[in-house]
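The values are calculated or read from the model by the stated rules, or taken from the named source; none is laboratory data. Predicted model, so just to flag it, every value in this text is computed and none were measured. In this analysis, Cβ positions are derived from the backbone assuming ideal geometry, glycine residues included, and neighbour counts consider all displayed protein chains.
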Amino acid sequence: MGKRLFLLIICSLLVLIDVPEFLIATDVAPVTGLSNSGIVETVPLPEPEPEPEPVAATANVRPATQPSTHVAPAPVKPSAQVAPANSIAIAGKVIEIVDVSDTAVNAGNHVNKYGAKFLYGHNSPAVFGRLTSVGVGSVFTVAYGGTSRNYQVAEVTIFEKTSDTTLSAGGIQYRMSTIANGKGRYDMVLMTCYGTMLGGGDATHRYVVFANAI
């Protein structure tokens, strides 16, 4: 009897007490009495950009420049004198040229021309006395047969006279005809006496100039 009375008292008290409601996921309960004054608005951060691919370090090298095309100027050739018809202008002197048919013909006071390319004369002031001052690179002019051409000295050789028809140099003996033909590789040959004078317009050696047309 006493237990029933106790349970009745307890149940009556529960009715008087306001028991809070339990919400489930589908319940909607309005929220009141709140203020947004203390809420700071946050801006969403942008999506991070992908980092650039690493670039390999390069040496500080200047760009290569195109090689400049440089053409060396042509060497300045010594100026030749103007030679009148049938003459040679060489070493500051103009000398007459006379055509002959034999190298034994005395040159006298002019230069003899034998064949197509052989000029010879005495080693005298009036003729080839200055020929011995001519060296490789010197330029002279020959005017003959209506044409005038400049020549540049390519070789100078002192030959020993071994006979009337042969000359020798460096242990090699040459026929006079070979010398007169420019040894087959030169365009013009000049010759005068040299060494010890033997009299009668002869000497122990010959000073020979080989030249090519320019």
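Of the residues V189, V134, V139, V127, which single one is under 21 Å from A83 (Cα atoms), touching a helix residue (DSSP H, G or I) at 6+ places or on another chain (Cβ under 7 Å) and of a type in the set (V, I, T)?
Only one candidate qualifies: V189.
Just name the residue that is nearest to R149 (Cα to Cα) out of those in the range 180-202 that are in contact with a Lys or Arg (Cβ under 8 Å, 6 or more places away or on another chain) and hydrophobic (A, V, I, L, M, F, W, C).
Only one residue fits best here, namely M188.
Being in contact with a Phe, Trp or Tyr (Cβ under 7 Å, 6 or more places away or on another chain) and free of Cβ contacts under 8 Å to residues at least 60 places away in the same chain: is that true of S168 here?
It is true that S168 is in contact with a Phe, Trp or Tyr (Cβ under 7 Å, 6 or more places away or on another chain) and free of Cβ contacts under 8 Å to residues at least 60 places away in the same chain.
Condition first: modelled with pLDDT of 95 or more and of a type in the set (A, V, I, L, M, F, W, C). Can you find one or more residues in the range 198-208 that meet it?
Checked the range 198-208: at least one residue is modelled with pLDDT of 95 or more and of a type in the set (A, V, I, L, M, F, W, C).
Taking the range 160-177 as the region of interest, how many residues are among the acidic types (D, E) and surrounded by 13 or more Cβ atoms within 10 Å (Cβ to Cβ)?
Qualifying residue count, the range 160-177: 1.
Being farther than 16 Å from R206 by Cα, surrounded by fewer than 16 Cβ atoms within 10 Å (Cβ to Cβ) and under 44 Å from the mean Cα position of the chain (by Cα) is the requirement here; does A126 meet it?
When the stated conditions are applied, A126 does not pass them.
Under the condition of being touching an Asp or Glu at 6+ places or on another chain (Cβ under 9 Å) and of a type outside the set (G, A, S), which residue from the range 104-126 is modelled with the lowest pLDDT?
For the range 104-126, the residue satisfying everything is N109.
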